[in-house]
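Undergrad: If you scroll down you'll find the structure; I have some questions about it.
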Amino acid sequence: MELEPFSNRYPEENIYGILTLNIVDAAHSYGLPPWPYPVFEYYCVDPECDCRKVRLVVLAPDRSVSAFDYWWENQRFYEKWWLDKKTAKEMAWLSIDPFWVPSKHTGNLFALLQKVMDSDASYIERIKKHYAMMKG
Ligand SMILES: [Zn+2]
């Protein structure tokens, strides 16, 4: 699964405006220092692959990065990639990228992103739109 930054193909789009605002508003309740927390979106660009996921890479003020995978379909959809249900259940929705070294902010950012994904339907719609743009 080859991932490419959304900003590579669509540099003119405001790639992190909406989520940045949400994070600034909420950061203080999650033990995060004040900072815009830009979020970079990476998508799979294989036109044959319908994985329906985004990798969100968040930059913290200490220049550390945290990476999360967001899969917006339900567990059943992903069971065709992970034959065992346990893995599919763990991977569906939001997870900390297991191949990325976590920083001291990763846990708090994960909690904050869970809240965003729970409460901001427009942000999820935007992710789906960007996914379609990257596949097209
Ligand atoms: Zn894919």
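Undergrad: Considering only strands (runs of 3 or more DSSP E) fully contained in the stretch 1-118, which possess at least 3 residues that are surrounded by 13 or more Cβ atoms within 10 Å (Cβ to Cβ), modelled with pLDDT of 85 or more and of a type in the set (Val, Ile, Thr)?
TA: 53-59
Undergrad: How many residues are near the ligand (Cβ under 9 Å from one of its atoms) and not hydrophobic (A, V, I, L, M, F, W, C) if we restrict to the stretch 33-68?
TA: Within the stretch 33-68, residues that are near the ligand (Cβ under 9 Å from one of its atoms) and not hydrophobic (A, V, I, L, M, F, W, C) number 6.
Undergrad: Checking the conditions here, which among 63, 52, 126 is over 15 Å from the mean Cα position of the chain (by Cα) and of a type in the set (Lys, Arg)?
TA: The match here is 63.
Undergrad: Here's something else I'd like to know. Under 6 Å between Cβ atoms, which residue pairs at least 6 apart in sequence (or on different chains) link something in the stretch 20-33 that is within 17 Å of residue 114 (Cβ to Cβ) with a partner that is surrounded by 17 or more Cβ atoms within 10 Å (Cβ to Cβ)?
TA: Filtered contacts from the stretch 20-33: 22/116; 23/37; 26/112; 30/108; 30/112; 31/108; 32/108.
The values are calculated or read from the model by the stated rules, or taken from the named source; none is laboratory data. Every value quoted in this text rests on a predicted model; they were computed, and no experiment measured them. Quick reminder, even Gly has a Cβ in these numbers, built from the backbone with ideal geometry, and neighbours come from all protein chains shown.
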